[in-house]
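Below: the structure, in structure tokens.
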Amino acid sequence: MDIPSKYKPGDSESRWYDHWLKNGYFKSQPDDREPYVITIPPPNVTGVLHMGHMLNNTLQDVLVRRQRMMGKNVCWVPGTDHASIATEAKVVAKLKKEGVGKKDISRDEFLEHAWEWTDKHGGIILEQLKRLGASCDWDRKLFTMDEDRYSSVIKVFVDLYSKGLIYRGVRMVNWDPDAKTAVSDEEVIYTEEDSKLYYVKYRVVGSDDYLTIATTRPETILGDTAVCVNPADPRFKGLKDRKVIVPMVDREVPVIYDDYVDMEFGTGCLKITPAHDLNDYEIGLRHGLDSVDIFNDDGTLSEEAGLFTGEDRFRARELSVKLLQSAGALEKTENYRNKIGRSERTNSVIEPKLSLQWFLNMKDISKPALDAVSNSEINIYPPKFKNVYRHWMENVRDWCISRQLWWGHRIPAWYYGKGKFVVAENESDALALARKESGNNTLELSDLRQDEDVLDTWFSSWLWPITCFNGILEPDNNDINYYYPTNALITAPEILFFWVARMIIAGYEYREEKPFSDVYLHGIVRDADRRKMSKSLGNSPDPIELINKYGADGIRVGMLLCSPAGNDLLYDDALPEQGRNFANKIWNAFRLVKSWKMEDSCDQPEWSRDAVLWFENSFNEALKKYNDAFDKYRISDALMIVYRLFWDDFSSWFLEAVKPEYGKPVDTTTYSATIKLFDRLVHLIHPFMPFITEEIWHMMESRKDNESLMVSEMPETGRTKKQVIRDFDHSKMLVTAIRKIRKENNIPNRDSLDLFVNSNTDDGEGSFSSIVKRLANVSGIETVESKPADSVSMMIGITEYYIVLGDKVDKEDEIKKVEIDLSYNRGFLQSVMKKLNNERFVNNAPMKVVEMEKKKKSDTEQKIRSLEVRLDELKR
């Protein structure tokens, strides 16, 4: 077979992906096999592939490809999210460029533009995932606002409302003035920023005294309705039933007492603005205070503010400072660094604001989800996030589920009369319900007005594992009964609460069962300076360009090489380059093996037989560790196990041992064993590197058109003879030591050497003499009772070996080496003795561990004695 000298990813990737699609290997239908199911975390419909997607979907594909090769009926469901805030912002920006404002058109006209935008730009990211090798069942592609998903969301809203879990009320919310909508707590990003702390004087009514209050937001003074102090603070004992005058607006407000105030912070006095601070709002509720909402939805000051009406809030801050200064009410100003909440989507500074919204009561509905993780019915990897999850769930707040947008699932509430409304799945049901509740059968659809708001994007995503199989509209269909619950969810820790937890809640509410068994949380992709990769920072490479440069396999390996579970990945171009180098290593090894000429009449040499015996055992041991790493979601560890198995054990040792001498043939037995082992290796590598392994697998032997590595069986673990592995490791160390001596003494590899082993130190390990002779070019191995003259020695374990060098021996250099070795072993013995002299360790550690430490002590003491003898001989 003519195998190209270089592997060209671009030539094979599209060919093999088309082959997989053509043969339907990604498709899944319920059958008698055990299912393995992952539902993709749906990316924004108009988004494009970024480095976080690359990591997330590589991990998912690795998992599903391995399970497919283990005989499971794999179903990886792809889909996209409508992303209310992000998509609406893009459509608004597009219309603005065309000279059209959102207010200039109707809701229906806006939605036409939104659907047009979605149809044009939507799904690009899913096509890009195909370049990565994602083996999703593309026939199952979904969208959170397609007909079934939309109807499911509406049905759930109506159901939860009928259960009394959804309510409408005025509450403090996080308000995004740019997007003009409420956002969830989890969508607020807090950053340390430079601010100013303004010390403002409030005059006590009927007195010349003042209370000084420190604030970072002097513009909100316009909304103050009280001043609060701690009842235990002796400085303010005489202020009971007194009032102060709010600067700028000259409003008289009460001085109130509340334990919330920290006497040590600032001046000990707190201005209370119930409409624009969550803590102030809670204090206001406790003390029955009025609320003055001084902000419009766009962040400008309202008429209620009394001053600066229509001015932007930050401009109003500047004007407030000037007015306070001119009135003599500003005592001083200090530089101050504090945390500022910003909208994750628009980066706008969040405004705490009282707003009429729809909420989901989370207290009772979330209990099964807390129990499921606490009792390990659902496992979180890494386990450290289990406590984070528990803390959030034990302190869960009601979920604000309404958003002041047009793009999304419109809230199914219809208003009629004065302040009355009904909740129904559609307008005809709403009309019938309104007639019934009002007793007015003359009501018409024209008398009803549907709520303008849409639901939080996460209110559709929390149903994802269920709606992927239409389990809300058809709760007993074949798909939901077969594929649910799913097996694993792969996502990032930052959405553990507002997506993962809520999916678990929905699972128990609507299926009385967990939505998935395992949650694997991977880290964030960051640059070398630990900054999160983003387009705005200009530190994120284009994933498609990286695939073009390094190949999909190279990128996949590069992303996983330094992605330990739950920890962030520090990206560098050296990572995909290392992945590409690994692909080249595999390719070159295959070309080497395929270049050998077979000879049926040749007998298998002893060294080849020994090498095959060793590598079969090494493979079995590695496979156990590989499977164990997958079971614990240590995906990077699994990659490193097979990486080292191929690069170190197979390429550097096995192939070196069995390859025929230049121009000579290889025996059929060795060649067949090598191809078989190569086949088993590409099976383990395939989940990580699907393209090159498929290419090589088809080159190994003639295959049928419908055959594929991706649906062939994963090797099963065989019995491991650990003594074989220990013996070969001993031989490897010996070969390495001999090669080092050759290099240090300029002895050509073609010159054979005589090797001697001290019979008094021989521990019985290292029986692979054929390998030592073959790889170190040793003509013979002879047992002696003492060190031969003019020889150099080596310690492998506790066994001493010698090579005679004659007058080439450098005694001073040998003495130096032995002294270094002796110093190290004496230090090591001390560390072992510390453990063995510790009664707690000896009495409490497992017997196996204690015995291991005792063996270390015995072996090291023997090694020290041998080294001391060698040193004495060298110094004579």
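The values are calculated or read from the model by the stated rules, or taken from the named source; none is laboratory data. Computed from a predicted model, the values in this text were never measured in an experiment. Positions of Cβ are generated from backbone atoms using ideal geometry, with glycine treated the same way; all protein chains shown enter the neighbour counts. The accessibility values were calculated without ligands, DNA or RNA, using every heavy atom of the protein model including side chains. Shrake-Rupley method; radii C 1.70, N 1.55, O 1.52, S 1.80 Å.
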Hits in segment 126-154 - residues which are crowded, with 17+ Cβ neighbours inside 10 Å, assigned to a helix (DSSP H, G or I) and of a type outside the set (Phe, Trp, Tyr): 126, 128, 129, 130, 131, 132, 140, 149, 151, 152, 153, 154
Any pair with Cβ under 9 angstrom, 6 or more apart, that starts in segment 417-442 at a residue that is under 18 Å from residue 164 (Cα atoms) and open to solvent by 70 Å² or more (accessible area, probe 1.4 Å) and ends at one that is in a loop (DSSP other than H, G, I, E, B) and not charged (D, E, K, R): 425/412
Filter pass, residue 172 being part of a strand (DSSP E or B), crowded, with 16+ Cβ neighbours inside 10 Å and not charged (D, E, K, R): yes
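Check every one of the strands (runs of 3 or more DSSP E) wholly within segment 240-322 and list those with 3 or more residues that are within 47 Å of the chain's Cα centre (by Cα), touching a residue at least 40 places away in the same chain (Cβ under 8 Å) and on the phi > 0 side of the Ramachandran plot. Even if it seems obvious, please write down each step before you answer.
Working: elements: 243-246, 251-257, 269-272.
Output list is empty.
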Options 222, 239: the member that is out of contact with any Asp or Glu (no Cβ under 8 Å at 6 or more places or on another chain), of a type in the set (A, V, I, L, M, F, W, C) and within 19 Å of residue 320 (Cβ to Cβ): 222
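Listed here are the residues, each with its yes/no results for (1) among the polar types (S, T, N, Q); (2) farther than 19 Å from residue 461 by Cα.
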residue	(1), (2)
366	yes, no
394	no, yes
397	no, no
407	no, no
416	no, yes
Selection count, segment 242-281, where residues are out of contact with any strand residue (DSSP E or B) (no Cβ under 8 Å at 6 or more places or on another chain) and within 23 Å of residue 292 (Cα to Cα): 5
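Have a look at 802, 824 and point out the one that is modelled with pLDDT of 85 or more, over 16 Å from residue 758 (Cβ atoms) and either out of contact with any Phe, Trp or Tyr (no Cβ under 7 Å at 6 or more places or on another chain) or open to solvent by less than 90 Å² (accessible area, probe 1.4 Å) (or both).
Just a single option satisfies the conditions, and that option is 824.
One line per residue, one yes/no per condition, for (1) open to solvent by 10 Å² or more (accessible area, probe 1.4 Å); (2) at pLDDT 95 or above; (3) β-branched (Val, Ile, Thr):
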position	(1), (2), (3)
31	yes, yes, no
52	yes, no, no
58	no, yes, yes
87	no, no, yes
94	yes, no, no
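For segment 457-499, name all the residues that are assigned to a helix (DSSP H, G or I) and within 18 Å of residue 44 (Cβ to Cβ).
Of segment 457-499, the ones assigned to a helix (DSSP H, G or I) are 458-461, 464-467, 478-483, 493-499.
458, 459, 460, 461, 464, 467, 494, 495, 498, 499, listed by residue number.
Looking at 818, 842, which one is closer than 30 Å to residue 786 by Cβ, aliphatic (A, V, I, L, M) and part of a helix (DSSP H, G or I)?
Values: 842 fails: closer than 30 Å to residue 786 by Cβ.
Result of the check over 818, 842: 818.
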One residue from 197, 160 being of a type in the set (A, V, I, L, M), in a helix (DSSP H, G or I) and either touching a His at 6+ places or on another chain (Cβ under 9 Å) or surrounded by fewer than 22 Cβ atoms within 10 Å (Cβ to Cβ) (or both): 160
Residue in segment 99-125 that is nearest to residue 423 (Cα to Cα), counting only those that are part of a loop (DSSP other than H, G, I, E, B) and open to solvent by 40 Å² or more (accessible area, probe 1.4 Å): 106
Residue that is surrounded by the fewest Cβ atoms within 10 Å (Cβ to Cβ) [pool: residues in segment 530-543 that are part of a loop (DSSP other than H, G, I, E, B) and touching a Leu at 6+ places or on another chain (Cβ under 9 Å)]: 530
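Take residue 408 and decide whether it is open to solvent by less than 60 Å² (accessible area, probe 1.4 Å), under 33 Å from the mean Cα position of the chain (by Cα) and under 29 Å from residue 113 (Cβ atoms). Lay out the reasoning, then the answer.
On the way: open to solvent by less than 60 Å² (accessible area, probe 1.4 Å): yes; under 33 Å from the mean Cα position of the chain (by Cα): yes; under 29 Å from residue 113 (Cβ atoms): yes.
In short, yes.
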Total residues in segment 498-516, condition under 24 Å from residue 634 (Cβ atoms) and open to solvent by 30 Å² or more (accessible area, probe 1.4 Å): 1
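Criterion first (closer than 22 Å to residue 135 by Cβ, basic (Lys, Arg) and either at pLDDT below 95 or open to solvent by less than 30 Å² (accessible area, probe 1.4 Å) (or both)) does residue 580 satisfy it?
Working: closer than 22 Å to residue 135 by Cβ: yes; basic (Lys, Arg): yes; either at pLDDT below 95 or open to solvent by less than 30 Å² (accessible area, probe 1.4 Å) (or both): no.
Judged against the criteria, residue 580 is not a match.
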